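A.B. asks: Mind looking over this structure? Questions follow.
FYI, it's all coordinate maths here, none of it is from the lab. Just so it is clear, the structure is predicted and the values come from calculations on it, not from any experiment. Virtual Cβ from ideal backbone geometry, glycine too; neighbours counted across all protein chains shown.
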Ligand code: PMV
């Protein structure tokens, strides 16, 4: 059967998704909204092969086994059952994202696998159905099907929970600087921590109650191309999400000392008149929301405490793409 290669870019949530009301289908309690980025992406090739005994998964050239392989096999089972085939597949991924360092590699990974896997199985899914399929791998992957600003509508069933593009062509000056503070695999997965926060944080009901206002307000700010308003809501949503981990039983934080240092630096630069705002996901790394125009000054400020190699500038990126095999970046 044919080999299909897809590229998906990662996304960073500005209004976070944190908590599932259905673990099996990955249905979230709240809507969320993200920006897809250009420099972090995953290329994945899939080929179904009747001669294989089981699915094979190579990530960055290395054979994957154990829990990660099982997660991918379960995802491939969804595709096989939809396409009505039984064959195992050969899957090869190259991650242009520091894996599991809080830079949402699972978002681009499962979006690329949904696209390449479904097409290799002979399915011709709409973008909406691709988004629904990607959701079954990882919640944040739901949004990586589209470029620019994207909302994940929580829905209340498999059929109604998918992403919608809000502004695919971002024609105004907004971008992010990713501060890589820790490259290592995170110790506590977003999946287990969010489940524990839903179950034990007394603040979880308030999180649900506030989420829709944040999504509605940020959509107005995006339509008005208002960087300061977008940044303020993003900071608020990130800190509220991290407050859920801190208020859970047992209490926990993804923050490291350097996370707080980065936050303080962003606040300092803002006090000097620069429009910059921070957000953090399920890891210690900080992403700074800012304009391209002010990026040189913000980079100069950040590089007084972080080496330049830890700072990556990312612009709004595109949605899912299919690549001819020779265009794979690692070949
Ligand atoms: O990638 P997931 O589905 O395990 O969830 C991660 C959630 C955050 O990245 C922290 C927030 C978000 O909305 O992407």
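A.B. asks: From the gyration tensor of the Cα coordinates in the range 71-218, what semi-axes in whole Å does the equivalent ellipsoid have, largest first, with each one equal to sqrt(5λ)?
C.D. replies: Three semi-axes, in Å: 26, 19, 19.
A.B. asks: Same structure, new question: How far is helix 257-271 tilted, in degrees, relative to the longest principal axis of the Cα atoms in the chain, given as a value from 0 to 90 rounded to the nearest 10?
C.D. replies: The angle comes out near 50 degrees.
A.B. asks: What does the C-alpha gyration tensor say about the overall shape of the range 175-314? Classify as rounded when a/c is under 1.5, otherwise prolate if a/b is larger than b/c, or oblate.
C.D. replies: oblate
A.B. asks: For helix 190-200, what angle does its Cα long axis make with the longest principal axis of the chain, in degrees from 0 to 90 and rounded to 10?
C.D. replies: Taking the Cα atoms of the chain, the angle to 190-200 is about 60 degrees.
A.B. asks: At residue 51 and residue 272, where each label point lies 7 Å from the Cα along Cα→Cβ, what is the point-to-point distance in nanometres?
C.D. replies: So the two model labels end up 6.1 nm from each other.
A.B. asks: Right, another one. Give me 176, 239 ranked fewest to most by other Cβ atoms within 10 Å of their Cβ, as a rough exposure proxy.
C.D. replies: Final ranking by Cβ density, sparse to dense: 239, 176.
A.B. asks: Could you give the length gained by full extension between residue 299 and residue 164, i.e. 0.36 nm per residue of separation minus their alpha carbon distance, to one decimal place?
C.D. replies: 45.4 nm
A.B. asks: For residue 249 and residue 153 in one chain, what is 0.36 nm times their gap in residues minus the Cα-Cα distance, to one decimal in nm?
C.D. replies: 31.7 nm
A.B. asks: Computed from the mean reciprocal separation of all distinct C-alpha pairs, what Kirkwood hydrodynamic radius does the range 35-76 have, in Å?
C.D. replies: About 12.2 Å, per the Kirkwood formula over Cα pairs.
A.B. asks: Something else now. When 184, 96 are ordered from fewest to most other Cβ atoms inside 10 Å of their Cβ, what list results?
C.D. replies: So the residues, fewest neighbours to most, are 184, 96.
A.B. asks: Roughly what % of Cα-Cα distances in the range 182-263 sit above 16 Å, to the whole percent?
C.D. replies: Summing the P(r) tail past 16 Å for the range 182-263 gives 59 percent.
A.B. asks: Next up: Can you give me the Cα centroid spacing of the range 45-118 and the range 269-318 in angstrom?
C.D. replies: Rounded to whole Å, the Cα centres lie 32 Å apart.
A.B. asks: Given axes a ≥ b ≥ c from the Cα gyration tensor, I'd like to know whether the range 231-328 is rounded (a/c under 1.5), prolate (a/b larger than b/c) or oblate.
C.D. replies: Note, shape of the range 231-328 comes out oblate.
A.B. asks: Could you work out [θ]222 nm for the chain from helices alone, using -39500 (n - 2.57) per DSSP H run of at least four and dividing by all its residues? Round to the nearest 500 deg cm²/dmol.
C.D. replies: Calculated from helices alone, the mean residue ellipticity at 222 nm is -11500 deg cm²/dmol.
A.B. asks: Taking the chain as a Gaussian network, where each spring joins two C-alpha atoms under 10 Å apart, which residue of 235, 168, 24 fluctuates the most?
C.D. replies: In the Gaussian network model the winner is 24.
A.B. asks: Something else now. Once every Cα of the range 90-173 carries one equal point scatterer and solvent is ignored, give the base-10 log of I(q)/I(0) from the Debye formula at q = 0.10, 0.13, 0.20, 0.26 Å⁻¹, two decimals.
C.D. replies: Results for the range 90-173 at q = 0.10, 0.13, 0.20, 0.26 Å⁻¹ read -0.25, -0.42, -0.93, -1.26.
A.B. asks: Using the alpha-carbon centroid of each, what span in Å lies between the range 221-246 and the range 1-29?
C.D. replies: The range 221-246 and the range 1-29 have Cα centres separated by 20 Å.
A.B. asks: What is the mean projected area of the alpha carbon convex hull for the chain, to one decimal in square nanometres?
C.D. replies: 16.1 nm²
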